[in-house]
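What follows is a single structure, written as structure tokens, with notes after it.
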Amino acid sequence: MFGKEKTHPTGQPPRSTSSRPRPAASQPIETTIGKNTHIKGDIQGDGGLRVEGIVEGNIVITGNLVVTESAKIIAEIKASNVSIAGAVRGNIHANRLEILDTGRVWGDLAVKSLLTNEGAYLHGQTLMPQDIQPPQIEPLKPKPSEHPQRPQSPKPPVPTLRDVTPKKQ
């Protein structure tokens, strides 16, 4: 009835058949820019944003950004989590970025977590600003020998040219 999820005969909730990308976290999408909408200007907000149309400018939101397959964005983006199935040209700053198989990105990334699906396109540099230190390679230390050292026999002297030239009589 009301407020209850429908379940399949298997007891599992039904799977979504929608091909739309879902936001990375469970924050709700508050604003949607439709397929037939073209916005020129800056967008700022505290909630989530779903873009299905065209946006030119800057996008700064504290919530999630979902870029659908039909979307085209030319903007600098700052958001908590970003999911891209469409085309984006501009730098992206986010905690988590997912580029889906139809997603295309031209720009530099500053992200803590990056996920790319097979078929995704990314042209730019990626910076992951974390305090993780790269591994340090130290010179190999000689291992102590497992067998005791054998005394080495003296090597015979190397013959010189004087030693091998025949002497005149």
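When segment 58-97 is examined, which residues are found to be surrounded by fewer than 21 Cβ atoms within 10 Å (Cβ to Cβ) and of a type in the set (Ser, Thr, Tyr)? Matches in segment 58-97: Thr62, Ser70, Ser80. In segment 103-128, which residue that is over 21 Å from Glu52 (Cβ atoms) and β-branched (Val, Ile, Thr) is surrounded by the most Cβ atoms within 10 Å (Cβ to Cβ)? Applying the filter and picking the extreme gives Val111. Listed by position, the strands (runs of 3 or more DSSP E) inside segment 19-91 whose residues that are modelled with pLDDT of 95 or more and within 19 Å of Leu109 (Cα to Cα) number at least 3 are 54-61, 64-67, 72-84, 87-89.
The values are calculated or read from the model by the stated rules, or taken from the named source; none is laboratory data. It should be emphasised that the depicted structure is a prediction, and the values quoted were computed from it without experimental measurement. Note that each Cβ is placed from the backbone with ideal geometry, even for glycine, and that neighbours are counted across all protein chains shown.
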